[in-house]
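Input: a single structure, listed below in structure tokens.
The values are calculated or read from the model by the stated rules, or taken from the named source; none is laboratory data. Note that the structure is predicted; figures quoted are calculated from it, not measured. Reconstructed Cβ throughout: ideal geometry from the backbone, glycine too, with neighbour counts over all protein chains shown. Heavy atoms of the whole protein, side chains included, go into the accessibility calculation; ligands, DNA and RNA do not. Shrake-Rupley method; radii C 1.70, N 1.55, O 1.52, S 1.80 Å.
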Amino acid sequence: MFHHHAALGLPRLEQRNLATGRVYAVVGTDLVYPSITRVLGAKPKPHLAAWRKRVGDDEAKRISQAASGRGTKLHSLAERYLGNEDLDTVEPHVMELWRYLRPWLDAHITGVYAQEVDLYSDKLMVAGRTDLVADVDGVPSIVDFKQANKPKKASYIQDYYLQGTFYALALYERTGMKCKQVLFPITSPEGTQVFVTKPAEHYDELLARIEEFYASYAEAVV
């Protein structure tokens with residue numbers, strides 16, 4: 001059984017999927033902010049474009065949809081498991097990932113503050129939703145689960161670090177809670193890799209990417 005701390009008292013945001021991208025509206029206000037994934041995704045990624053060209057648009061779409069579906073089911077399993085719920089039968093294509101992720105959760109999650117947390121920052125003018133705020137080996141942390149078809153190199157996931165940094169900053173802005181580390185358990189059929197970073201190391205780059213987004217796309221935010 002996982003220990004759960006008192007609720008953080010964060011509001012749920014209203015997610016809106018617009019033609020121009022995902023935004024979150026702060027309920028009860030006129031504030032609407034772009035999602036952090038949209039902000040980071042606005043920067044061209046030549047390696048992804050090259051991959052799509054190499055495998056073809058149809059195959060790239062098929063692979064992406066399959067990965068997304070498996071990732072959603074893995075997230076759901078982790079959420080229910082950390083919520084101390086009973087799990088249904090796990091589908092084989094998800095079990096090949098869950099058999100690696102579950103032992104990591106058992107070994108390292110020592111307390112749960114919140115799951116599927118809506119966060120926004122008035123200072124950065126961005127919003128988003130992180131998977132988990134928890135004590136990891138006793139240290140308050142942001143945890144965002146990822147799945148992959150094969151192991152990742154740290155150089156491939158720099159945007160993840162920026163994403164996690166945003167969550168940590170927004171959580172502090174909203175609650176005063178400090179998460180000095182961000183973890184990304186990335187599970188593939190070969191195992192779970194855990195990438196760890198500190199938000200302070202990525203603040204300047206995150207700010208630059210947000211400023212770049214608003215300079216190019218401000219008119220398309222709402």
Scanning segment 20-30 for residues that are part of a loop (DSSP other than H, G, I, E, B) and of a type outside the set (Val, Ile, Thr), which turns out least open to solvent (accessible area, probe 1.4 Å)?
-> Gly28
Qualifying positions in segment 170-190 - open to solvent by 60 Å² or more (accessible area, probe 1.4 Å) and either closer than 21 Å to Lys123 by Cβ or aromatic (Phe, Trp, Tyr) (or both) | Tyr172, Arg174, Lys178, Lys180
Give the residues of segment 31-51 that are open to solvent by less than 60 Å² (accessible area, probe 1.4 Å), under 20 Å from Gln163 (Cβ atoms) and either assigned to a helix (DSSP H, G or I) or at pLDDT 90 or above (or both), sorted by residue number.
-> Val32, Tyr33, Pro34, Ser35, Ile36, Arg38, Val39, Leu40, Gly41
For Thr187, state whether it is touching a Leu at 6+ places or on another chain (Cβ under 7 Å) and not in a helix (DSSP H, G or I).
-> yes
Filter result for Ile210 (at negative phi, in contact (Cβ under 8 Å) with a residue 40 or more places away in the chain and among the hydrophobic types (A, V, I, L, M, F, W, C)) = yes
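Return yes or no: is Leu132 within 14 Å of the chain's Cα centre (by Cα) and among the aliphatic types (A, V, I, L, M)?
yes
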Is there any pair linking a residue in segment 166-183 that is more than 14 Å from Tyr203 (Cβ to Cβ) to one that is assigned to a helix (DSSP H, G or I) and modelled with pLDDT of 95 or more, with Cβ under 6 Å and at least six apart or on different chains, and which?
-> Met177/Leu171
Please verify whether segment 106-123 includes one or more residues that are open to solvent by 20 Å² or more (accessible area, probe 1.4 Å), out of contact with any strand residue (DSSP E or B) (no Cβ under 7 Å at 6 or more places or on another chain) and farther than 22 Å from Glu79 by Cα.
-> yes
Single condition Leu206 does not satisfy, out of (1) open to solvent by less than 10 Å² (accessible area, probe 1.4 Å); (2) modelled with pLDDT under 95 = (2)
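One line per residue, one yes/no per condition, for (1) modelled with pLDDT under 90; (2) closer than 30 Å to Val136 by Cβ; (3) in contact with a helix residue (DSSP H, G or I) (Cβ under 6 Å, 6 or more places away or on another chain); (4) open to solvent by less than 70 Å² (accessible area, probe 1.4 Å):
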| residue | (1), (2), (3), (4) |
| --- | --- |
| Phe2 | no, yes, yes, yes |
| Leu13 | no, yes, no, yes |
| Leu18 | yes, no, no, yes |
| Lys53 | yes, no, no, no |
| Asp58 | yes, no, no, no |
| Lys61 | yes, no, no, no |
| Ala78 | no, yes, no, yes |
| Thr89 | yes, yes, no, no |
| Arg99 | no, yes, no, no |
Can you find even one residue in segment 125-134 that is out of contact with any strand residue (DSSP E or B) (no Cβ under 9 Å at 6 or more places or on another chain), farther than 24 Å from Leu77 by Cα and not small (Gly, Ala, Ser)?
-> no
Within segment 209-222, residues β-branched (Val, Ile, Thr) and either open to solvent by less than 60 Å² (accessible area, probe 1.4 Å) or under 18 Å from Asp135 (Cα atoms) (or both) come out as Ile210, Val221
Scanning segment 136-160 residue by residue, the ones that are over 21 Å from Leu82 (Cα atoms) and either open to solvent by 50 Å² or more (accessible area, probe 1.4 Å) or modelled with pLDDT of 95 or more (or both) total 10
